1. For the range 599-617, give me each residue that is closer than 13 Å to Glu676 by Cα, touching a residue at least 60 places away in the same chain (Cβ under 8 Å) and under 21 Å from the mean Cα position of the chain (by Cα).
2. Take the conditions surrounded by fewer than 19 Cβ atoms within 10 Å (Cβ to Cβ) and part of a loop (DSSP other than H, G, I, E, B) and apply them to Ala436. Does it pass?
3. Going through Arg520, Arg534, Arg509, Arg555 one at a time, which residue ends up being open to solvent by 60 Å² or more (accessible area, probe 1.4 Å), under 28 Å from Ala697 (Cα atoms) and at pLDDT below 95?
4. Restricting to the range 87-97, what's the tally of residues that are assigned to a helix (DSSP H, G or I) and open to solvent by 10 Å² or more (accessible area, probe 1.4 Å)?
5. Among the residues of the range 439-462, are any of a type in the set (D, E, K, R), closer than 30 Å to Leu734 by Cβ and open to solvent by 50 Å² or more (accessible area, probe 1.4 Å)?
6. Take Gly93 and tell me if it is without any contact (Cβ under 8 Å) to a residue 40 or more places away in the chain and of a type in the set (Gly, Ala, Ser).
7. In this structure, does Leu735 turn out to be modelled with pLDDT of 95 or more and either touching a helix residue (DSSP H, G or I) at 6+ places or on another chain (Cβ under 9 Å) or crowded, with 20+ Cβ neighbours inside 10 Å (or both)?
8. Could you check Tyr114 against (1) within 23 Å of Asp128 (Cβ to Cβ); (2) touching a His at 6+ places or on another chain (Cβ under 7 Å) and say which number it fails?
Amino acid sequence: METMALTKPARMAVVAGVAGALSLAAASPARAQHEQEAPAAAATARAALDRYCVTCHNERLRTAGLTLDTVDPAHVGEARETWEKVVRKLRTGMMPPAPRPRPDADTYSAVVDYLEAALDRAADASPDPGRPALQRLNRAEYTNAVRDLLALEVDGRALLPADDSGYGFDNIGDVLSVSPGLLERYLLAAAKISRRAVGDPTLRPATAVYKTSPLLSQDGRVSEDLPFGSRGGLAVRHHFPLDAEYVIRVALRGRARAGHRLEIRFDRERVRLFDLAGREPLAVRIPVTAGTRLLGASFVEEIGRSLPVDGRPAPPPITSFAFTLYPNAPSVERIEVVGPFDGQAPADTPSRRAIFICQPNEDTGERPCAERILASLARRAYRRPVTAADTAPLLAAFEAGRNAGDGFDDGIRWAIEALLVSPKFLFRVEREPVDAAPGAPYRIADLDLASRLSFFLWSSIPDDELVDLAVRGELGDPAVLESQVRRMLADPRSQALVENFAGQWLYLRNLRTAAPDTTRFPEFDDNLREALRRETELLFGSQLREDRSVHDLLRADYTFVNERLARHYGIPNVYGNHFRRVRYRDDRRAGLLGHGSILTVTSYPHRTSPVLRGKWLLENLLGAPPPPPPPDIPELGEEDTAAAPATMRERMAQHRASPACSTCHAKIDPLGFALENFDAVGRWRAGEDGAATAIDASGELPDGAPFDGPAAFRDALLREPWATEFATAVTEKLLTYALGRGLDHRDAPAVRRILRDARADDYRWSSLILGIVESAPFRMRRPLDASDQSAP
């Protein structure tokens, strides 16, 4: 039988060529050897491509847009984009597709090694780190920047609209546009924030409303901010703008009242207890010192109240229609805060301490102190030392506010409002060196590096330590930079990586709008929704803090659960609302692939979808997103279920019978079937609803590696080449997030360098993050040239 691999001498020639390529930067004898061996390696690569690839990828057919008969492996640098596509397909054995003839593993490896080495040499000889677009602070970054600048927590979702997303993240410069409507929202937000930060005694009473979801079950303790022994309720952090009196009102759901008691707590101290048997309004008026305070309302639970009484059954699930007919215990619908009444400007708050670093002196007047305050704020807000030209508009706003208002504080408030709408605050502007040659990459200044670093790891402005190091020109020193990265990862502000990076990469934000069918899944309430999100955040956060290998995201034998989530997963002996770390009793649910959060957002409301799950796996864990479906077929995964076969696998086989669908679904569906033992809300099941047969969770990876069930699938992903592909996908996602732009073929050599350096450290998170921070795309920038007419 004819062999489908290159001959052994040919493979040896390719390997020899790769060895020469990798030693090109060494001494001149090694370079000479490379020059002798590279043509042989290119020739054998050409032979492999002609034998296995050119049949489809030629000038006539142009399959997938590749014409491999017109490019020369001996001159890889002339078609880098094409060769990077070839490398990605060959590295995982995804091409050629079965049942076409395929090379053996040695041939795959030899050709890929040669091409990667040649591409990396070309990138070193002609680096192109890209040119990130002008970036506006997104909503999360704006919120965090206000927190760190003014020591003030604000609700960004209430102040600003959601940002558009690109490449999976909402910090991508190309899509962070500015519309007249958004500018209006920024103006309104700046006015509100400045009043909160400084304190405005002219504020009139207003009502703030905090509502609970009707799908929140209030049968037990619902928040760590509410006391032990409480039932239901709501806890919120509310900013009280003035030293004044405020009215706290509570509204309830449910018809039952007798025998229930409601308490209102302020900073965890009880201020009022109501017996609901009476008719008194559920309201209390209390004096409050300005600042952000914890406000809570909950029911005082009595032992045994939640048990069935007189043989009556427990209440039905909150999402079912029967629940509305049940004589339900009361629950908190909303808390209202009305005020301020008889307010006075606060003398001391965290915000005022952060702002008023001096007070006017009778001898020198107010202006010197105002200059000092505004220079300090502007330095932090603009992320660099400021000049008189920077502070002049702020001082003009101070003078106008002082003259129009009630003195010094009003002037500072006006100046802060002007600062918060300044383009120097809202946009991340990186200045090019005056001597930068058009199109020639340059290393960014330390101040720009400080901003890139802080927005990457903290989604916020750099702190004084970072800026001071940058001003002294020390931040670019490798030892100093590594020390700062480790300091920042240990800082609580690195939680932004969990909320903003992992929250988008793993689709956790999609849980807010997930709506499982209430008939099929009546037990899915908002308590479970929140628990699912929190579980994945806690796991990712623990992996980051403990500096584990990224592969542990797939193989972690532990998770975090509270009572609600443990009941959903069938984990015994977990009680209360508090999340705690538990070890799995078997390997079915280990790692991210067993998390109900991911399994829910990759399902339809009424059933699982191997297509959605397979597509998610390819895009987010394997870095191989499938192409969009043709326009003349149904949306991805919307399979026609009319007169459908009994099982999901049979229905998908019917769907793949269409030639337009079979090519992509042959790669997507097997991955999704690996997770079919988990239903549409992440519960384990042995068989499909309505089907008598057991679930068949077998399949194979794109390179033909077989698996049967989620545990075997996970083990297959942790073997090569997929273990490296997973680390590559994580690195590419993290680099995209760090740069605020999409990646292309020019970034592939940098990704490979990051992975090579991190491999020795088992791909730990710190290794990947340090590799990104030290990479050319992160540390360098390409200036405008004639090809960038549309660039900002």
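The values are calculated or read from the model by the stated rules, or taken from the named source; none is laboratory data. Note that the coordinates shown come from a computational prediction; the quantities given were computed from them, not determined experimentally. For neighbour counting, all protein chains shown are included, and Cβ atoms are generated from backbone atoms with ideal geometry for every residue, glycine included. Just so you know, the surface numbers come from the protein's heavy atoms only, side chains and all, with ligands and any DNA or RNA stripped out. Shrake-Rupley method; radii C 1.70, N 1.55, O 1.52, S 1.80 Å.
1. Leu599, Thr600, Thr602, Ser603, Leu612, Arg613
2. yes
3. Answer to the selection: Arg520.
4. Step one: of the range 87-97, the residues assigned to a helix (DSSP H, G or I) are 87-91.
Applying the additional criterion that residues be open to solvent by 10 Å² or more (accessible area, probe 1.4 Å) yields 88-91.
Residues flagged as assigned to a helix (DSSP H, G or I) and open to solvent by 10 Å² or more (accessible area, probe 1.4 Å) within the range 87-97 amount to 4.
5. Within the range 439-462, one or more residues are of a type in the set (D, E, K, R), closer than 30 Å to Leu734 by Cβ and open to solvent by 50 Å² or more (accessible area, probe 1.4 Å).
6. Here the answer is no, as Gly93 does not meet what is asked.
7. Considered against the rule, which asks whether it is modelled with pLDDT of 95 or more and either touching a helix residue (DSSP H, G or I) at 6+ places or on another chain (Cβ under 9 Å) or crowded, with 20+ Cβ neighbours inside 10 Å (or both), Leu735 comes out as yes.
8. Looking at each condition in turn, Tyr114 falls short on (2).
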